[in-house]
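Have a look at the structure below before the remarks.
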Amino acid sequence: KKILRFQQECMDRHRPVRVVVTSRETLIDKADIPVDTLVMKLLEFNEEQKAKWIAIWNQSNAGIFRSEHINYFMLPPNDKNVAELSRQPLLLLMLAIYDANLEEGRNSLGQGENLNRTKLYNELLGRFIRRELRKGPRGEETAYDELPEKEKEAMVNFEMERLGIAALGMF
């Protein structure tokens with residue numbers, strides 16, 4: 001209903017917007033969905049759909065991959081956890097973002113690590129927090145990278161706790 005109100009306010013300002021809200025299937029039954037709302041269920045990808053999505057991702061990001069010396073995205077063979085994650089469209093996107101590790105200038109998948117959903121979320125949130133800490137409150141560069149590792153880790157952990165509290169509050 002909040003989104004519906006937001007859309008109506010935007011329409012009143014002659015700036016119509018469309019909104020996409022994602023939800024886990026286990027939570028959608030708790031949502032109060034207005035009448036005439038379009039609801040879609042994204043089905044899991046089959047192997048052909050995954051291959052097509054990956055080809056589009058690689059083509060769309062080819063320039064960035066070349067300039068940053070990052071390999072094209074591919075799923076590691078014989079990794080059951082990654083195969084499981086990659087069936088879901090949103091998680092496949094998250095895997096592609098995770099793999100294009102621009103911070104370290106290398107690909108992340110296939111490095112012999114045991115990646116699961118928890119680790120994927122944790123790593124992506126950690127990277128996001130580090131990028132934000134580097135920017136500072138107004139998008140200005142900060143001295144974050146010059147701090148001792150222990151202090152940087154404490155700052156990231158603090159922000160992770162804040163996100164966790166916010167997530168619990170939303171739940």
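Worth pointing out:
- Of the criteria (1) open to solvent by 100 Å² or more (accessible area, probe 1.4 Å); (2) touching a residue at least 24 places away in the same chain (Cβ under 8 Å), which one R13 fails: (2)
- Being hydroxyl-bearing (S, T, Y) and either outside any loop (DSSP other than H, G, I, E, B) or at pLDDT 95 or above (or both) is a property that Y98 has.
- Long-range neighbours under 9 Å by Cβ, at least six apart or interchain, first residue more than 30 Å from K2 (Cβ to Cβ) within region 24-53, second open to solvent by 100 Å² or more (accessible area, probe 1.4 Å) and outside any loop (DSSP other than H, G, I, E, B): F45/K52
- Lone qualifier among R162, R131, R127 - being among the charged types (D, E, K, R) and loosely packed, with under 12 Cβ neighbours inside 10 Å: R162
- Complete set of residues in region 134-159 that are among the basic types (K, R) and open to solvent by less than 70 Å² (accessible area, probe 1.4 Å): R134, K152
- Answer residue from region 78-87, given it is open to solvent by 40 Å² or more (accessible area, probe 1.4 Å) and outside any helix (DSSP H, G or I) and is modelled with the lowest pLDDT among those: N78
The values are calculated or read from the model by the stated rules, or taken from the named source; none is laboratory data. The structure displayed is predicted, hence computed values, not measured ones. Cβ sites come from the backbone with ideal geometry, for glycine too, and all protein chains shown count toward neighbours. Remember, those area values only see protein heavy atoms, side chains included, never the ligands or the DNA or RNA. Shrake-Rupley method; radii C 1.70, N 1.55, O 1.52, S 1.80 Å.
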